[in-house]
Structure formats: structure tokens, C-alpha cells
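Written below as C-alpha cells is the structure these notes are about.
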Amino acid sequence: MLLLQLVSLALVALASQAISLELKKDVPVFVKTLKDMQRGPPLKMVKRELKGEEKWITQPLDQFDETNKETYEMRYFINDEFQTEGSPIFIFLGGEWQASLDMINDGYWYDLAKEHKGVLIYTEHRYYGASIPTKTMSLEDLKYLHVKQALADVANFIKTFKSENAQLSNSKVVLSGCSYSATMAVWFKRLYPDLVVGAWASSAPLFAKLDFYEYKEVVGKAFRELGGEKCYNRIEKGIAELESMFKNKRAAEARAMLRICSNFDHENDLDLWSLFGSISNVFSGLAQYQGAGDLEYYCDFIMSFNDDATAIANFVYWAWNSPTCVDPRYQETVNYYLDGISKFDGSRAWYYQTCNEYGWYQSSRSSNQPFGSSFPATLYVELCKDIFSNKFGNDQIEKNAAQTNEDFGGLEPNVENVYMTHGGLDPWSAIGHGVAEGATVISKMSHCPDLTSIRSTDSAELLASKNRIAELLRQWLA
């Protein structure tokens, strides 16, 4: 009876997690799993009326072409409940997500601003949320989407905001960000060092590369360390068995176990890669945002089945939250991103940035991970070509990533007054600064693990890091 209760609770939890992504049911399963891995900072559960307001600033469409007079409206949120004469300005940078008031009403950044009587601001990145500069997201219109344009938006915002607020004309500015927006905080300090006195970057990836195979290695490490060796082995053996079934004339059996729709072509490499990429991404999403006890809980569920393949098939099916059968076909993913040209889906914008700037494709290249070998980086490169242009082949994406590293220094950004933090089990930490480079790495924690207010449940390492952030801010704002 206890085992049945555990399984039932696990199924409910997995289904609830997928529903919480607020995705339409017609979103292809591969896109669903990517969206889960590309969410912004967790929304705060603020138990009071949110303070602050939504505002807009007019920005040049092209920050680097003075002959182009077109503009767009960039959204930002401001909470000035602590403002006084000369208040420091605390900016949390938006990334590839929609900004909202909650981030500047709770959490550690809010607490720090309160200590210094700071004005809290949350900027929204161009092409995300409501800050859409163009009429479509066609390839031609997306030429204005680049991190350099977004950083210039922030620089222009700081100058304009200070000039229009007499109380704040001489105020010091500090930045913070999580994930990609943490990367932006580091790079902003590199490009515009005189506009901000310091920055806190939580989980900032710094090194652009096409085949980011190390990501899956850390995901596997998280399941091994937190879920146990038996869980890791079950994942590895279960996925290997499913791969073998498709290769050895047991495809019908595997399709039935995974509840795959009849139009799936297992002999099409792109379809098969999309399927196993979707399977792997379930585990990635859980590991990337895991909290205390999460992976242990899911591993208990995985281990409740009698055999490896059945365990994995049931686990991923409920995580995908498909109403009936699962459709992992490659063309469905392509169609979804093409629909984003007119539907303004932020996932199209982010995929464009990966093709044009970063790569960061989380492949099965490494044998030091339990998720099989059936989702090569080629899958992601083919998507770049089919969604945007054939120019985004392997060589071009490699060149784009190399240019990003040249522009921003890669793992040597050469910045001062920037405090970087990572979770020890954050898959993105593999391309960020570690202890040797001066970052703080918090063991057993994952992506953006330190945004919450100080709590009694914080580990000693986490508490020490938060205290260090506070000390640095006092120095920077002195």
C-alpha cells in the first residue's frame, strides 16, 4: 500500500510540475522540454500586495546605427518603496523570459535593496515578454536581437533613468542576474564599467560553444549524488534498452511503452533524435531546478518499477503531460518555431540567439552520462537551418560562438567588482567560473540557488555566500 501511495504521489507531482509550465497542449514535446530548461527565475509567492509599477522607456531599435531612427518600447518594473535622496539603484536584469513585479518584491536582492534604501528595477530583454521591437520574428526582423543590443538597452536605460530622476542623478548602480541575465551582468561590467559599481551574477555561463556535452554529464552527476547509484544505473540501463528496442526490431513495443503517436517514424534520424532528446531533457529540467529532496523523491518513483525500460517510459510520459499519445516528430518542432514568426513566442527568439551567438547545444556526445547516445548536436544545428536559414550550419555556428568569446573574453572576461556564484550541481557551471577563478560554488545546489531571502534552512555554504554578497555591496556602495 505504501508503494502504491508513493507511485500515486509521484505521478501527481510530475503532472503538476508539467502543468505549472503553463504550456499549451499542442506544444511539441521536444519544445516543452526545452522551455522547461529555459525558464526564468522562479516566481515568488509574495503574500502581500505587490508594490511598484510597470513602466516603459523608448529605446532605439538599433543602438549602433544613428541613421536608423526607428524605436521601440522596452518594459521595466520599478519598486521605489525605499527611495530617498541619493538612493542606490538595484537593477535585476531580465533574460529570455517575461519580467514581472514579483522579482523586486521579495528575495535576497529585495532584502539588500531594503538595507541600502535602494530603488529596485527589473528590466525586460528585447524580444521577450512585452518588449517586442518588431512586427514579426522573421529572420530579417531578428537582426536586432543580439546581446550587444540588449546590453546597450540597459546602458541607455541607466543614463535616461538617472537623468529623469533628480533624486537619483548621482546614485550608484548595482546589477544582478540569474542564468543568461547573470551572463549579461558580467558582460555589462566589461563593456560599461563606469555605469555600475558592482554586479552579482548567479549561475552565469560564460563560454560559448556549439556542443555543450558537459551539461548532461553534470545532470547525470546530480542524479548519482542525490538520487543514488541504483537510480543512476536504472536511468542508464532503461534508456539504453529503449534505444536498443528501436534498433533491433522492437520499435512497436518501445512506441507502445512510451505512448508515441502512430505517425512517428523511428527510421528517421531526426525523429529518433528528437525523441531521445526529449527523454533526456526531462531529467535535465529536474536537475537544473532541483531543491532539497527533489531528485531523491523522483528516484524513489523510478525505482518502484520492476524493470528499467518500463520505469523510464512511465516516468517521462507523465513528465511530458501529454493528454493522449506523445508526438516527438522533428517536423512538429520545426513547425512550432516557424509559427513563432507571427505568434511572438519567446522560445523562437532564444533559439535564434543560440544559433547566432552561443550554441550551447546539450548533446549525448559524452559517454560519461546516463542518457544514451541518440541526440547529437547535429539535431540542434539542423533545427537552426530549418527554422531560420541554411547559413546556420555547423561551421557558421562555431564561428558565431567563437566571436562571442572574442567579444566578451570567454572564461576570462577581465572584470572587476563582479561576484559570481554557482550551484555545485548546476549543469551550466561547466562553462562558468569555478573556485579557481574566484567564484563561489555551493555544494549540492543547482541553477540560481541563492536568490531567496536568508532562511533557517540555508546550508552553511549558502549562508556564507549570501553574507559575502552583502559585504561586497556595502563596499561598493560606500
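Pairs linking a residue in segment 100-116 that is in contact (Cβ under 8 Å) with a residue 24 or more places away in the chain and within 12 Å of F90 (Cβ to Cβ) to a residue that is among the aromatic types (F, W, Y) and in a helix (DSSP H, G or I), with Cβ atoms under 7 Å and 6 or more positions apart or on different chains, are I104/Y110. For beta carbons closer than 6 Å, sequence separation of 6+ or different chains, a first residue in segment 54-78 that is farther than 14 Å from T160 by Cα and a second that is open to solvent by 80 Å² or more (accessible area, probe 1.4 Å) and outside any strand (DSSP E or B), the qualifying pairs are L61/E70. One residue stands out in segment 26-44 among those that are modelled with pLDDT of 80 or more, open to solvent by 20 Å² or more (accessible area, probe 1.4 Å) and part of a loop (DSSP other than H, G, I, E, B): the one that is nearest to W350 (Cα to Cα), namely Q38.
Among the residues making up segment 102-142, those that are under 18 Å from T452 (Cβ atoms), assigned to a helix (DSSP H, G or I) and either modelled with pLDDT of 95 or more or in contact with a helix residue (DSSP H, G or I) (Cβ under 7 Å, 6 or more places away or on another chain) (or both) are I104, Y108, W109, Y110, D111, L112, A113, K114, E115. Considering (1) modelled with pLDDT under 95; (2) open to solvent by less than 10 Å² (accessible area, probe 1.4 Å); (3) not hydroxyl-bearing (S, T, Y), the lone condition that G291 does not fulfil carries the number (2).
For the structure I just gave you, tell me whether Y180 is open to solvent by 10 Å² or more (accessible area, probe 1.4 Å) and closer than 26 Å to E398 by Cβ. Judged against the criteria, Y180 is not a match. If you take the residues of segment 427-478 that are open to solvent by 30 Å² or more (accessible area, probe 1.4 Å) and of a type in the set (V, I, T), which of them is farthest from the chain's Cα centre (by Cα)? Taking the candidates together, the pick is T457. Of the residues making up segment 439-465, those that are assigned to a helix (DSSP H, G or I) and more than 19 Å from V186 (Cβ to Cβ) number 5.
Residues in segment 81-99 that are free of Cβ contacts under 8 Å to residues at least 60 places away in the same chain and either surrounded by 19 or more Cβ atoms within 10 Å (Cβ to Cβ) or not in a loop (DSSP other than H, G, I, E, B) (or both): A99 alone. Every listed requirement among (1) in contact (Cβ under 8 Å) with a residue 24 or more places away in the chain; (2) assigned to a helix (DSSP H, G or I) is met by D339 save one, (1).
Output yes when any residue across segment 289-304 is farther than 30 Å from L451 by Cβ and not hydrophobic (A, V, I, L, M, F, W, C), and no when none is. Within segment 289-304, one or more residues are farther than 30 Å from L451 by Cβ and not hydrophobic (A, V, I, L, M, F, W, C).
The values are calculated or read from the model by the stated rules, or taken from the named source; none is laboratory data. Here the structure is a predicted model, which is why all the values come from computation and not from measurement. Using ideal geometry, Cβ is built from the backbone for each residue, glycine included, and neighbour counts are taken over all protein chains shown. Side chains included, ligands, DNA and RNA excluded: accessible areas come from the protein's heavy atoms. Shrake-Rupley method; radii C 1.70, N 1.55, O 1.52, S 1.80 Å.
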